[in-house]
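What follows is a set of notes on a single structure, which appears directly below.
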Amino acid sequence: QVQLVESGGGLVQPGGSLRLSCAASRSIFAIYAMGWYRQAPGRKRELVAHITTGGGIDYVQSVKGRFTISRDNAKNTVYLQMNSLEPEDTGVYYCNAGNTIGGYYSPYNYWGQGTQVTVSS
């Protein structure tokens, strides 16, 4: 079983930055790819960024150049550094453990509780 706990959300003005953290209950990064999702009110959950077991990284187009996903294997923690935040980035951000198939991220049913990010002036 894998438990994931997100932290780091909050209220930030447009143009600001936040760093989200996702702590895993055990060492999993050699087994699972990791993804960050977000869900805005009234919209379905979307994959924002993922990192493979081999360290390959990809982002949704809307956050490229602004967000950076990384991980610290020693701390069993994956991060999402978010810069130049926009109101459209508002939502609940979730961490996920999954797999990559043919270069596409496929989530397993391992989710954190989510952390709220609100970008507003």
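The values are calculated or read from the model by the stated rules, or taken from the named source; none is laboratory data. All values derive from a computational prediction rather than experimental measurement. Reconstructed Cβ throughout: ideal geometry from the backbone, glycine too, with neighbour counts over all protein chains shown. Protein only, heavy atoms only, side chains kept; ligands, DNA and RNA dropped before computing areas. Shrake-Rupley method; radii C 1.70, N 1.55, O 1.52, S 1.80 Å.
Considering region 83-100 alone, what residues qualify as being over 19 Å from residue 55 (Cα atoms) and of a type outside the set (Asp, Glu)?
Within region 83-100, 83, 84, 85, 87, 90, 91, 92, 93, 94 qualify.
Please specify each residue of region 4-31 satisfying the condition of being open to solvent by 30 Å² or more (accessible area, probe 1.4 Å) and either of a type in the set (Lys, Arg) or over 15 Å from the mean Cα position of the chain (by Cα) (or both).
11, 13, 14, 15, 19, 25, 26, 27, 30, 31
Inspect all residues belonging to region 69-82 and state whether any of them is surrounded by 12 or more Cβ atoms within 10 Å (Cβ to Cβ), of a type in the set (Ser, Thr, Tyr), in contact (Cβ under 8 Å) with a residue 40 or more places away in the chain and within 19 Å of residue 7 (Cβ to Cβ).
For region 69-82, residues surrounded by 12 or more Cβ atoms within 10 Å (Cβ to Cβ), of a type in the set (Ser, Thr, Tyr), in contact (Cβ under 8 Å) with a residue 40 or more places away in the chain and within 19 Å of residue 7 (Cβ to Cβ): present.
Kindly establish whether residue 121 is part of a loop (DSSP other than H, G, I, E, B), open to solvent by 60 Å² or more (accessible area, probe 1.4 Å) and under 16 Å from residue 19 (Cα atoms).
No; evaluated as a whole, the condition is false for this residue.
Exactly one condition in (1) closer than 25 Å to residue 15 by Cβ; (2) open to solvent by less than 30 Å² (accessible area, probe 1.4 Å); (3) out of contact with any helix residue (DSSP H, G or I) (no Cβ under 8 Å at 6 or more places or on another chain) is false for residue 105; which is it?
(1)
Please go through region 32-45 and pick out each residue that is open to solvent by 40 Å² or more (accessible area, probe 1.4 Å) and more than 19 Å from residue 18 (Cα to Cα).
If we filter region 32-45 for residues that are open to solvent by 40 Å² or more (accessible area, probe 1.4 Å), which is where we start, we get 39, 41-45.
Passing the criteria: 41, 42, 43, 44, 45.
Do you know which residues across region 86-102 are open to solvent by less than 20 Å² (accessible area, probe 1.4 Å), out of contact with any Lys or Arg (no Cβ under 8 Å at 6 or more places or on another chain) and of a type outside the set (A, V, I, L, M, F, W, C)?
Those that are open to solvent by less than 20 Å² (accessible area, probe 1.4 Å), out of contact with any Lys or Arg (no Cβ under 8 Å at 6 or more places or on another chain) and of a type outside the set (A, V, I, L, M, F, W, C): 96, 98.
Can you name the residue in region 53-109 that is in a loop (DSSP other than H, G, I, E, B) and among the hydrophobic types (A, V, I, L, M, F, W, C) and, of all such residues, is nearest to the chain's Cα centre (by Cα)?
Result: 60.
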